[in-house]
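Down below is the structure, laid out as structure tokens.
The values are calculated or read from the model by the stated rules, or taken from the named source; none is laboratory data. Note that the coordinates shown come from a computational prediction; the quantities given were computed from them, not determined experimentally. Cβ placement follows ideal geometry from the backbone for every residue including glycine, while neighbour counts extend to all protein chains displayed. Remember, those area values only see protein heavy atoms, side chains included, never the ligands or the DNA or RNA. Shrake-Rupley method; radii C 1.70, N 1.55, O 1.52, S 1.80 Å.
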Amino acid sequence: MKLRCIIVDDSSMQRMAVAKLVNNHPNLAMVAEYSNAIEAKNGLKNNEVDLIFLDVEMPIINGFDLLESLENPPQVILITGKPDYALKAFDYDVTDYLHKPITMSRFDASVKRAVGKYEQMHRVQEDEEHIFVKSNLKKRKVILNDIKWIEALGDYIKLVTDEANIVILSTMKSFEKQLPEDKFLRIHKSYIVNLEKVEKFNSKNVEVDGRQIPLSRNKKTELAEALSNV
């Protein structure tokens, strides 16, 4: 398997050095190189990317700024000449952190970690079907069956799960597209419920885990049909 990757670095010499390592690695496929964060962000809109080799020290918009601006970033291996950034790097849930100059053995170890993480993320079992969401600048794995309901909060939505409430920046319409239609139903402009968690309902409310959730009048028939197929 090959991870599709990009290099983001303002130094042409450093890009060339990393590109050589990427092109010689059996588990990597080069998609593009970018000399600044703005080019990279635009490129990510048009390309499917699994991994970013990202320089921290770039002018105007540095590597951390770029990560903060991405809604759903792929895996990231940070590259820097300063070891002081190591602790900060892992606040951003990066896969690894490479210190210049990069040795082949250290590069190979980072790629091995990225491949392992990719395989783990994509090894979806039926009873562990999941999605990844971005909350507090971090990617977070959410098991779909753990979600009880989703609630609109202005520009945000709240995922109510067995473990915790997770607030993410998203619209209901956008998030609804990520959910399997046979397991989730939007029963109100502000609520989506996990059909398997519904305990009972009447013409006005749906009960989930003892909580009364409003049901739109025009959704009652659709809810009844959906529940009959669960």
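Points to keep in mind about this one:
- Per the listing Val8, Val76, Val49, the residue uniquely open to solvent by less than 30 Å² (accessible area, probe 1.4 Å) and closer than 20 Å to Asn136 by Cα is Val76.
- Residue within the stretch 24-37 that is open to solvent by less than 90 Å² (accessible area, probe 1.4 Å), under 23 Å from Lys141 (Cβ atoms) and touching a residue at least 60 places away in the same chain (Cβ under 8 Å) present: yes
- So Asp93, is it open to solvent by 60 Å² or more (accessible area, probe 1.4 Å), of a type in the set (Asp, Glu) and at positive phi: yes
- Selection from the stretch 13-23 of residues that are surrounded by fewer than 18 Cβ atoms within 10 Å (Cβ to Cβ), of a type in the set (A, V, I, L, M, F, W, C) and closer than 18 Å to Asp50 by Cβ: Ala19
- Top-ranked residue of the stretch 102-126 - restricted to ones that are over 23 Å from the mean Cα position of the chain (by Cα) and in contact (Cβ under 8 Å) with a residue 24 or more places away in the chain, ranked as least open to solvent (accessible area, probe 1.4 Å): Phe107
- Candidates Ile147, Ile143, Ile131: the one that is buried (at least 17 other Cβ atoms within 10 Å of the Cβ) and either within 18 Å of the chain's Cα centre (by Cα) or not aromatic (Phe, Trp, Tyr) (or both) is Ile147.
- Residues being basic (Lys, Arg), open to solvent by less than 80 Å² (accessible area, probe 1.4 Å), in contact with a Phe, Trp or Tyr (Cβ under 8 Å, 6 or more places away or on another chain) and within 25 Å of Ser170 (Cβ to Cβ) are entirely absent from the stretch 212-222.
- Meets criteria (at pLDDT 95 or above and of a type outside the set (D, E, K, R)) for Ile52: yes
- When we screen Tyr118, Tyr97 for residues that are assigned to a strand (DSSP E or B), hydroxyl-bearing (Ser, Thr, Tyr) and modelled with pLDDT under 95, the only hit is Tyr97.
- Any hit, the stretch 181-195, residues being open to solvent by 90 Å² or more (accessible area, probe 1.4 Å) and either in contact (Cβ under 8 Å) with a residue 24 or more places away in the chain or touching a Cys at 6+ places or on another chain (Cβ under 6 Å) (or both): yes
- A Cβ distance below 7 Å, combined with a sequence gap of six or more or placement on separate chains, defines the contacts here; from the stretch 133-162, residues that are within 18 Å of Asn194 (Cβ to Cβ) and of a type in the set (Phe, Trp, Tyr) reach no residue that is at pLDDT 85 or above and outside any strand (DSSP E or B).
- Residue among Glu39, Glu48, Glu33, Glu71 that alone is over 22 Å from Val115 (Cβ atoms) and outside any helix (DSSP H, G or I): Glu71
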